[in-house]
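Chemist: Here it is, the structure in full.
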Amino acid sequence: MLTDAEVLEFYDRASGEVYRYASRLVGGNRSRADDLVQETFLTLVRQVRSGRDEPVDVGWAITTCRSRFLDQIRRSERAERTQPRAFERRDTGELGAPSPATEALFRLGDAQRAALVLRYIDDMTVAEVAAALGRSVHATESLLVRAREALRTEYTGMNGAE
């Protein structure tokens with residue numbers, strides 16, 4: 001079983017990398033990235049208190065972070081289906097100076113950004129992305145096509161090219 005000291009040491013060692021990953025997922029929104037990292041390590045603490053004795057590594061933390069983010073997307077999509085649309089204010093706080101491509105990625109909606117990150121950063125197959133997002137493969141292929149086009153449009157618009 002992991003000790004409190006081992007959990008703290010793991011947090012110190014892994015939190016920066018988990019935060020960078022979370023930041024990509026949430027489009028650079030600092031408060032959402034902080035929340036995801038907090039949920040990730042809270043999951044570890046709960047598991048340790050429940051008797052977890054398996055070792056943890058950064059891969060476990062990244063996977064857990066991704067799972068918490070996907071849970072948020074699913075909850076958000078369910079809420080959108082049951083409530084009328086309302087204006088949403090986006091946090092513009094960013095980490096450092098992102099590249100133009102990263103900035104364009106940050107401007108996409110959560111579902112499109114998640115699909116692109118899972119497919120091209122996490123190198124998941126379309127079927128794996130579909131399962132992670134709770135969609136059919138066909139719907140995920142369509143989402144990826146729209147997401148790539150939206151990314152291209154955002155990137156081109158930011159650089160003033162047509």
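What follows draws every value from the coordinates through simple rules; no lab data is involved. Please read these numbers as outputs of a predicted model, since none were measured by experiment. Cβ sites come from the backbone with ideal geometry, for glycine too, and all protein chains shown count toward neighbours.
Chemist: Pick the calculated Rg/Rh (Cα atoms, Kirkwood Rh) for this structure from [x] 0.94; [y] 1.04; [z] 1.00?
Modeler: Step by step, Rg/Rh (Cα atoms, Kirkwood Rh) for this structure corresponds to label [z].
Chemist: Which angle between 0 and 90 degrees, to the nearest 10, do you get for helix 4-25 versus the longest principal axis of the chain when only C-alpha atoms count?
Modeler: 0
Chemist: On a 0 to 90° scale, report how tilted helix 137-158 is relative to the longest principal axis of the chain, with both axes built from alpha carbons and the result rounded to the nearest 10.
Modeler: 70
Chemist: Hey, another quick one. Could you work out how far helix 30-49 tilts from the main Cα principal axis of the chain, as a 0 to 90 degree angle to the nearest 10?
Modeler: 30
Chemist: Which is the longest stretch in the chain that no exposed loop site breaks, taking sites as trypsin sites (Lys or Arg not before Pro) with a DSSP loop state and at most 16 other Cβ atoms within 10 Å?
Modeler: Between exposed loop sites, the widest span is 91-162.
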